[in-house]
Amino acid sequence: MIKDDVHSQRVTGVLDLPDGRAGMPQDVKLSPDGKLFYVADMHANGLWEIDGAHLRVVGFLRTGSGVHGLYPSRDARYLYATNRGEGSISVISFHTRRGVARWRIPGGGSPDMGGVSPDGKVLWLSGRYNGVVYALSTRNGRLLAKIPVGQGPHGLCVWPQPGRYSLGHTGILR
């Protein structure tokens, strides 16, 4: 992980994740209080918790095989982590820093990247290896729809998103 000073446009720190070069960091999200970064690592099958101020790993949350995308709930209570390798979504409480649920896609799947609907009720995800888009209830993880879209969808833009400026990737705005 690289820490940059945006104003001076200089690197101010470098952090090697504990699994080193074997690691596969995929997505990064900041906790609502601005203290921790959550880094999805496909190789480690979980999320590294990183103290951004001191640039150090302070914890690890095992989520599931092939964790890939991270999406905060609209009320900033939960973080949804897609486990592409096992067809599930882990629900993590920002408050307790623990998993509170794991939703499995009926019949299996490959949840990848997407976003939360503007009203916060639906988690939309591409199904990378299944050629579909999933719509899941954010209340209980129930599969609301499985929409065929063709081979290899790798991402899904859900709009609008809160924030004024796009910082890149899927749904990262401030």
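The values are calculated or read from the model by the stated rules, or taken from the named source; none is laboratory data. Values in this document were obtained by computation on a predicted structure and should not be read as measured data. Here the Cβ positions follow ideal geometry from the backbone for every residue, glycine too, while neighbour counts run over all protein chains shown. Just so you know, the surface numbers come from the protein's heavy atoms only, side chains and all, with ligands and any DNA or RNA stripped out. Shrake-Rupley method; radii C 1.70, N 1.55, O 1.52, S 1.80 Å.
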Point to revise | From the options Gly64, Gly59, residue that is part of a loop (DSSP other than H, G, I, E, B) and out of contact with any helix residue (DSSP H, G or I) (no Cβ under 8 Å at 6 or more places or on another chain) | key: Gly64
Revision key, fill the gap. Within the stretch 18-44, the count of residues that are in contact with a Leu (Cβ under 7 Å, 6 or more places away or on another chain) and charged (D, E, K, R) comes to 3
Review point. Only one of (1) over 28 Å from Asp4 (Cβ atoms); (2) in contact (Cβ under 8 Å) with a residue 12 or more places away in the chain; (3) in a loop (DSSP other than H, G, I, E, B); (4) open to solvent by 30 Å² or more (accessible area, probe 1.4 Å) is not met by Gly120, so which one is it?
Key: (4)
Exercise for review: Could you check, for the stretch 94-116, whether at least one of its residues is in contact (Cβ under 8 Å) with a residue 60 or more places away in the chain and in contact with a Pro (Cβ under 6 Å, 6 or more places away or on another chain)?
Suggested key: yes
Check your understanding: Any chance the stretch 126-137 includes a residue that's under 17 Å from Asp27 (Cβ atoms), within 14 Å of the chain's Cα centre (by Cα) and surrounded by 13 or more Cβ atoms within 10 Å (Cβ to Cβ)?
Key -> yes
Review point. What do you reckon, is Gly163 within 15 Å of the chain's Cα centre (by Cα) and modelled with pLDDT under 85?
Key: no
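I'd like to know if the stretch 101-110 contains one or more residues that are within 24 Å of Met42 (Cβ to Cβ), polar (S, T, N, Q) and either open to solvent by 80 Å² or more (accessible area, probe 1.4 Å) or not in a loop (DSSP other than H, G, I, E, B) (or both). Step through it out loud before you land on a result.
We begin by selecting, within the stretch 101-110, every residue within 24 Å of Met42 (Cβ to Cβ); these are 101-110.
Filter once more, keeping what is polar (S, T, N, Q): 110.
Retained after the next criterion (residues that are either open to solvent by 80 Å² or more (accessible area, probe 1.4 Å) or not in a loop (DSSP other than H, G, I, E, B) (or both)): none.
Checking the stretch 101-110: not a single residue is within 24 Å of Met42 (Cβ to Cβ), polar (S, T, N, Q) and either open to solvent by 80 Å² or more (accessible area, probe 1.4 Å) or not in a loop (DSSP other than H, G, I, E, B) (or both).
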Practice item. Output yes when any residue across the stretch 157-165 is in a loop (DSSP other than H, G, I, E, B), among the basic types (Lys, Arg) and open to solvent by 60 Å² or more (accessible area, probe 1.4 Å), and no when none is. Key: yes
Practice item. Go through the stretch 37-63 residue by residue and tally those that are open to solvent by 10 Å² or more (accessible area, probe 1.4 Å), in contact with a Gly (Cβ under 7 Å, 6 or more places away or on another chain) and more than 20 Å from Ala101 (Cβ to Cβ). Key: 5
Review point. So which of Gly20, Gly66, Gly85 ends up being touching a residue at least 24 places away in the same chain (Cβ under 8 Å), on the phi > 0 side of the Ramachandran plot and either open to solvent by less than 60 Å² (accessible area, probe 1.4 Å) or aliphatic (A, V, I, L, M) (or both)?
Key: Gly66
Check your understanding: Is it the case that the stretch 93-100 has a residue that's part of a loop (DSSP other than H, G, I, E, B), of a type in the set (Phe, Trp, Tyr), farther than 20 Å from Pro32 by Cβ and open to solvent by 10 Å² or more (accessible area, probe 1.4 Å)?
Key -> no
